[in-house]
Every structure is written in C-alpha cells, then in structure tokens.
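*Asks:* Take this structure first; my questions come after.
The values are calculated or read from the model by the stated rules, or taken from the named source; none is laboratory data. This structure is a prediction, so every number in the text was calculated from the model and none was measured.
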Amino acid sequence: MNISTTPNITNNASSTQRKTFGLALSIILTLRLPQVLDKLDQILSVCTTVILSENNDLSEEESSGENMSSSRCHGEGTIPSKELRKRQIKYSDPINQLSLETSVRVNLQTCAALHGESFNSAIGNMHPAALEQLKKALKMP
C-alpha cells in the first residue's frame, strides 16, 4: 500500500475500516526495516487521525445513546430489532475489541527498542504539531 494515499482512504472508509488500517500500520512499526523509520511520520499521522476520529465517534455514539434512552423513558420509541442486531454484530467484531491506542503505544515502544537512536532521530524530525497530536491521541504528557 502506498502510504501517501492512506489519508484519502481513511477519509472515505467506515470507522471499522479506518481502525483496521490503523492496526495494520501499527503492526508495521514492529518490523526491523529501515523503511519503517523513513515512513514513521506518515504511519503515525494516519494512526493518530484514526485514534482521534475513533474517540469522536465514541462521543457521538454515547450522546446519541443517551438521547435514545431518554426518549425510550418517555415511550417515544424503541430500537428496531434489525438495528439492534447490526449493533450486536458490530460490537462482537474482534476489531472492535482491540484498542488501536494501546496497539500504537506498544508497537511504538517495540519500534524504539528495535531501532534505537535512529528511532529517536526519526521522532525528532516529525513536525511539532504532528507530534503533539500523537501525544494527545496516546494520552502522553
């Protein structure tokens, strides 16, 4: 996959597809290949975008879920069985059980251990705004 086209893919993909892309890219971080460091900023940029959009999606789902439960209290509606089944399938998917944030954090540590000082140099060459976004996504100080 050409990483330069990945942001376009993540914009047009479902949340599950975006998360799958992010998980695949985070696994690339564990390879002992110098090309990983060449593309580190792009890999982390995509992963960061997916994590932050995933957090926004969760916030939206929680707020819409609250609205549904409050309307149900007033007897205004119930979740149709088809919609309920779709939700059950979605949440039973193993992709939804994995944490992209944890995967990136762990695989980034592995990458640092594999590449040593070259990793530190690659991180140091990242754009400061991208690095701040990464720290925000991984909840790092």
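*Asks:* Lys139 - would you say it is at pLDDT below 95 and in a loop (DSSP other than H, G, I, E, B)?
*Replies:* Answer is yes for this residue.
*Asks:* Got a number for residues in the stretch 66-102 being assigned to a loop (DSSP other than H, G, I, E, B) and either closer than 25 Å to Ile51 by Cα or modelled with pLDDT under 70 (or both)?
*Replies:* 7
*Asks:* Mind checking which residues of the stretch 15-31 are among the aliphatic types (A, V, I, L, M) and more than 13 Å from Glu54 (Cα to Cα)?
*Replies:* Of everything in the stretch 15-31, those that are among the aliphatic types (A, V, I, L, M) and more than 13 Å from Glu54 (Cα to Cα) turn out to be Ala24, Leu25, Ile27, Ile28, Leu29, Leu31.
*Asks:* In addition: So, in the stretch 103-136, exactly how many residues are among the β-branched types (Val, Ile, Thr) and outside any helix (DSSP H, G or I)?
*Replies:* Looking only at that region, the number is 0.
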